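Student: Dumping the structure here so I can ask a few things about it.
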Amino acid sequence: MKGFILASLTLALSGCQLLPEQSAEPQNTAQNVPASANTQVDYVAMLQALEQNDMQQDNANHRLFVPYQHHKTVVNYVEQMALELVDTMQQESELGIAITSFVDLDASLKNSSQLGNQLSETMMHQLQKFGFGVVDFKTMDIISVTSRGDFVMSRDVEELAERRIASHVLTGTLIYRPNGVEVNARVINLNSKLVIASAQKVIPYFVLKNESIKSATARVN
């Protein structure tokens, strides 16, 4: 593209140099100066426009950059977010944090996905690893023994503990950006609704694709 424009400009300037020789009538020198100046101004302006287009194209290519090989995983991003939360949250031995699914930032705030559920599961491990008390509210008071297996976890509200077993909750939202999913996490005091810690990261789409993580709404929220 740049070569074509430069070639066109060269031909145009060459044609301007030949015009005085082909003209039968002498031209005023004062009139030639503005014409030459205008030609140079146009030439510089076209080069500047060309460079600006190249910069815009480079920026677009950078936003759409997808590496052939990388070692980043969702766990790496969650670990960084957990570190941000720990930096702004006071560690207390009696602190009980329940972790819920991360949801899409829509009108209902009730739509989760495979990514949203995986983030909550990974965050549970990370916070517990950093020494915080993590509460799994999906644990039943009894172990259910069946022919299909032995279970202690459930999503049936009637089978779960009725008493409050957590003082804080960690939750978050998902925003779908052009280059990846923006994850916003926060730890909230259940009594005062005060946000005591927060973190934010953008997980690129190529990382999610590499781990075959789907962002469509999950069956179980």
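The values are calculated or read from the model by the stated rules, or taken from the named source; none is laboratory data. Being a predicted model, the structure only gives us computed values, none of them experimental. As a convention, Cβ positions derive from the backbone with ideal geometry for all residues, glycine included, and neighbour counts pool all protein chains shown. All accessible areas refer to the heavy atoms of the entire protein, side chains included, with ligands and DNA or RNA removed. Shrake-Rupley method; radii C 1.70, N 1.55, O 1.52, S 1.80 Å.
Student: At most 15 other Cβ atoms within 10 Å and a DSSP loop assignment: could you name the chymotrypsin sites (Phe, Trp or Tyr not before Pro) in the range 97-154 that fit?
Tutor: PHE130, PHE137
Student: Starting from one equal scatterer on each C-alpha and no solvent at all, send me the Debye-based log10 I(q)/I(0) for the range 96-221 at q = 0.12, 0.13, 0.21, 0.23 Å⁻¹, two decimals.
Tutor: Each listed q maps to, in turn, -0.52, -0.61, -1.32, -1.43.
Student: Round to the nearest 10 and report in Å² the accessible area of ARG155, as given by a 1.4 Å probe over the protein chains' heavy atoms.
Tutor: Estimated to the nearest 10 Å², ARG155 gives 140 Å².
Student: Grab the Cα-Cα distance for GLU79 and PHE206, subtract it from 0.36 nm times how many residues apart they are, and report the gain in nm with one decimal.
Tutor: The GLU79-PHE206 span can extend by a further 43.9 nm.
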